[in-house]
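The values are calculated or read from the model by the stated rules, or taken from the named source; none is laboratory data. Keep in mind that what you see is a predicted model, and the values were worked out from it rather than measured. We place every Cβ from the backbone using ideal geometry, glycine too, and count neighbours over all the protein chains shown.
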Amino acid sequence: MRLGRFTLSLVLAATAFYAQPPNDRETIARGEKLYASRCAACHGKDLGGGEGPSLLRSRIVNGASDQRFFDVIRKGIPGTEMAPMPLSDEQTRQIVVFVQSRAKPGHGPPVPGDAAAGRNVFLNAGCLSCHIVEGKGGVIGPDLSSVAIRLSSAQIREALTHTRPAPEGFRQARVKTRDGRTVEGIVKNQDNFSIQMMNLHGDLLSLKRGEIVSLEYKTGLPLANAVGKLSPDDLQNLLAFLDRQRAPFQHHDIGFQTY
């Protein structure tokens, strides 16, 4: 079988990419140095974006194949400021591996445990009332549809087992107003004039500062209370279930900016 020059070049490029050693720490370290010198000026030192888009939320990084990302670095994107990079195949691969180690840290071996039993633990613990997973659930907690792409298994365990302040946009609070109302929910945003909240039913509310008598943040998290009651086996199965949540699409937080 004869291959055209263009087809042959694609085959050779793919072979060059996939015929490399495993994604070890040395490869990641070299990729980090190359990224710092070649990419960070546009995409940010932390990959969060600057003059160029965030690579942590890039569809090319998260939704496309490794080879597609490899080709974009080498060939650029016509009509944009993303110019071709004069790098070797090995150097390009090192950048790909480094970026994906940050953007998709959960792409590792499956966590041991019974994922089906972990799904039952997730449902019985009431997690679905706050979190979306497998296309269903509440919106007052972070979306877990792609949690294992965004976090490593160790980070997921840490989040489950160690109580810490809720991230910005998910802090629970109780607000009392001058007309006698009490509103409980999640503070999504606030400024000098108002506080924007999502109540426990998922409705977005905007309360004027002048209407508010008191604002009290809750320190405990429902997650910590529920996880603390799990047996070691149930916790491991829950971790296995969450580790399988690797949906290849970008999650988004619901707030006044996206409403």
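Here VAL111 fulfils each of the conditions (1) part of a helix (DSSP H, G or I); (2) surrounded by 18 or more Cβ atoms within 10 Å (Cβ to Cβ) apart from (1). Candidates in the stretch 234-259 are the residues that are part of a loop (DSSP other than H, G, I, E, B), of a type in the set (A, V, I, L, M, F, W, C) and under 20 Å from SER129 (Cα atoms); of these, the one that is modelled with the lowest pLDDT is ILE254.
Please determine, by comparing only the residues of the stretch 151-172 that are of a type outside the set (S, T, N, Q) and touching a Gly at 6+ places or on another chain (Cβ under 7 Å), which one is surrounded by the most Cβ atoms within 10 Å (Cβ to Cβ). Don't jump to the end; show me each part of the working.
Within the stretch 151-172, the first condition is being of a type outside the set (S, T, N, Q), and the residues that meet it are 151, 154, 156-160, 162, 164-171.
With touching a Gly at 6+ places or on another chain (Cβ under 7 Å) added as a condition, the list becomes 151, 169-170.
Values: LEU151: 20, GLY169: 15, PHE170: 17.
Of everything passing the filter in the stretch 151-172, LEU151 is surrounded by the most Cβ atoms within 10 Å (Cβ to Cβ).
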